[in-house]
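Novice: Below is a structure I'd like to ask you about.
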Amino acid sequence: MSKETPCVAVCMIDPKTKLCFGCGRTLPEIARWHAMDSAERLSVMALLPARMAEAGLAPIAGSQKRA
C-alpha cells in the first residue's frame, strides 16, 4: 500500500458528518482512493485536518498511520 494514505485503521463513519472518525475521508473518497492519482490523494489529504476540526472530530490519539 502506498504511504499516500491518511488511514489510521479506525474505519468507522460518523453518522452525523458522514466522515471517517479515523481519517476524515468520506465514503466516496475511501472507495475511490486506489483509483486516484498521487496529486489527487495529496490534495484530499491536505484538506483533512481542517475538515475534521470543522466537524468537531479529533484525530484518534495513539493511532499509527498504516504504511
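Novice: Report the calculated FRET efficiency for E40 and D14 (r = Cβ-Cβ distance, R0 = 25 Å), to the nearest 0.05.
Specialist: In this case the efficiency is close to 0.60.
Novice: Could you pull the Rg and Dmax for the chain, using just the Cα atoms, both in Å?
Specialist: Using the Cα atoms of the chain, the pair Rg, Dmax is 11.2, 29 Å.
Novice: Tell me which GluC sites (Glu not before Pro) from the stretch 1-43 have a DSSP coil assignment and no more than 16 other beta carbons within 10 Å of their own.
Specialist: E4
Novice: Just to confirm a number: summing +1 for Lys and Arg and -1 for Asp and Glu over residues other than E40 whose beta-carbon lies under 15 angstrom from that of E40, what do you get?
Specialist: 0
Novice: May I pose another question? Could you grab the relative contact order for the chain? Cα pairs under 8 Å, six or more apart, rounded to a whole percent.
Specialist: 44 percent
Novice: How much net charge surrounds T26 when only other residues with a Cβ under 10 Å from its Cβ are counted (Lys, Arg +1; Asp, Glu -1)?
Specialist: Neighbour charge sum, excluding T26 itself: +3.
Novice: Another question, then. So, counting K/R as plus one and D/E as minus one, what does the shell of residues with Cβ under 11 Å around M52 add up to?
Specialist: 0
Novice: To test your reading of the geometry: what angle, between 0 and 90 degrees and rounded to tens, separates the Cα axis of helix 38-55 from the longest principal axis of the chain?
Specialist: With rounding to tens, the tilt is 0 degrees.
Novice: Please identify the longest segment of the chain free of exposed trypsin sites (Lys or Arg not before Pro), where exposed means a DSSP state other than H, G, I, E or B and no more than 14 other Cβ atoms within 10 Å.
Specialist: Longest stretch, sites excluded: 19-64.
Computed from the coordinates by the stated procedures, all read-outs in this text should not be read as laboratory data. Remember, predicted model here, so these are calculated numbers, not experimental data. Every residue, glycine among them, receives a Cβ derived from its backbone with ideal geometry; neighbour counts consider all protein chains shown.
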